[in-house]
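**Q** Sharing a structure with you now.
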Amino acid sequence: MSATLDPPARRPGRSRLARRRRRAGMLLSIPAVVLVAGLLWVPIGQAVRYSLTTWDGYSAPTWIGPSAYTSAFSDPIVHRVLENNALLLLAVPFAIGIPLVIAVLLHEHVRGWKFFRSVYFLPTAISWVVIGMVALQFFADKGILNQLLSDVGLGFVHTDMLASQYTALAALAITFIWSMIGTNTIIFLTGMATLDPTLLEAAKVDGLSRWQTFYRVTLPLLTRFIQFSFVITVISAFSALFSLIFVMTGGGPGLGTTTLEFFVYQAGFAQGQFGTGALYGIVLFVIMIIVGIGQLRLIRPDDGEGW
């Protein structure tokens, strides 16, 4: 004789409680939705509308339409600005690789590692404006860099890095790398603190050198932390350099250090072309969306689960 087990009947009280919780959740989320819409999506929508016009911020905007974007992308100045952004991306591997090496050395608890940990983390506690002012004094014609070169007998190498377009961009990239050292070092130290020490001990038992242990054991286990560092470094390279540029070079010489982020400010507030500024802002917004989606696909879990 076989017994048939019927599924338990759904309790009416439990289903009513679930519906009440769902309604309560929706009601409680309304203020947050309204706040996000008012402070984020409404301004973005207005920026899209103004990007299709010519507007000086005072008079009524004049509608241009999609041709505004066609004219913008055919402008050689915009091409140069985007080229500056692309060149700054060359600093990203250094902004990740140098902190990774520092984190490995600090994780080995070399002599004075606590002191050096504080020194490397210091840029994180300083505002970008202060970092820009220090860099300005360092790379100036009569700055610290040339003084150091003179002190070690290399005065003939005297250079004013902020006077030339590409050297000024290089100075900006070096400052950006230095400013990211603290953040990325802490990320990698956090990752190394999560490693299983038995794996490192097993590598030593197998006769692997320190370099082989790092390359074959430590580095693969830090993949997620490296990917996260890559995400925040690239985002910073696109959207966090305004203060450095404003203090160090003002976007010059010429367009040598003008990025798309700084170009939005120049068009809108320096030239009074708020419609053009809104257009470049939307272009930067779209670029960041594309970069963000690409990075999310990069750090997607390997187990097939989606986000």
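**Q** Specify whether the C-alpha gyration tensor of segment 175-256 places it in the rounded, prolate or oblate class, a ≥ b ≥ c being the square roots of the eigenvalues: rounded for a/c under 1.5, otherwise prolate if a/b is larger than b/c and oblate if not.
**A** prolate
**Q** Which value does Rg/Rh take for segment 71-298 over its C-alpha atoms, Rh per Kirkwood?
**A** Details: Rg = 20.4 Å, Rh = 19.6 Å.
With Rg and the Kirkwood Rh in hand, the quotient comes to 1.04.
**Q** Roughly what would the spin-label model give for SER127 and LEU148, points 7 Å off Cα along C-beta, in nm?
**A** Simple spin-label model gives 2.6 nm for this pair.
**Q** Another question about this same structure. Tell me, what HN-Hα J-couplings in whole Hz come from the Karplus equation 6.51 cos²θ - 1.76 cosθ + 1.60 at θ = phi - 60° for each residue of segment 225-235, using x for Gly and Pro?
**A** Result, rounded to whole Hz: 5, 5, 5, 5, 4, 4, 4, 6, 5, 5, 4.
**Q** May I ask you to give the percent of accessible area on segment 208-300 that is carbon plus sulfur, with a probe radius of 1.4 Å? Show your work: numbers first, answer last.
**A** Working: 2960 of 4310 Å².
Of all accessible area on segment 208-300, carbon and sulfur atoms account for 69 percent.
**Q** In square angstrom, what is the accessible area per residue of segment 160-212 with a 1.4 angstrom probe?
**A** Per residue, segment 160-212 has an accessible area of 52 Å².
**Q** Need one word for segment 1-160: rounded, prolate or oblate. Basis is the Cα gyration tensor (sqrt eigenvalues a ≥ b ≥ c); a/c below 1.5 gives rounded, then a/b vs b/c decides. Intermediate values should be presented prior to the final figure.
**A** On the way: a/c = 3.06, a/b = 1.46, b/c = 2.10.
Oblate is the answer for segment 1-160, as a/c is 1.5 or above yet b/c matches or exceeds a/b.
**Q** Multiplying the sequence separation of VAL48 and SER15 by 0.36 nm and subtracting their Cα-Cα distance, what value in nm do you get?
**A** That pair, VAL48 and SER15, stretches by 7.5 nm at full extension.
**Q** Need the full-extension length gain, ILE77 to THR223, defined as separation in residues times 0.36 nm minus the C-alpha distance. One decimal, nm. Before the final figure, lay out the partial values.
**A** Numbers: separation 146, 0.36 × 146 = 52.56 nm, distance 3.82 nm.
Between ILE77 and THR223, full extension yields 48.7 nm more.
**Q** Then there's this: Roughly speaking, to the nearest percent, how much of segment 70-142's 1.4 Å accessible area is carbon and sulfur? Before the final figure, lay out the partial values.
**A** Details: 3180 of 4460 Å².
Answer for segment 70-142 is 71 percent, counting heavy atoms of protein chains only.
**Q** On to the next question. Please compute the contact order of the chain in relative form: average sequence separation of alpha-carbon pairs under 8 Å and at least six residues apart, divided by the residue count, as a percent.
**A** 26
The values are calculated or read from the model by the stated rules, or taken from the named source; none is laboratory data. Everything numeric here is computed off the predicted structure, so don't read it as measured data. Cβ: placed from backbone, ideal geometry, glycine included. Neighbour counts: every protein chain shown. SASA here: full protein model, heavy atoms, side chains in, ligands and nucleic acids out. Shrake-Rupley method; radii C 1.70, N 1.55, O 1.52, S 1.80 Å.
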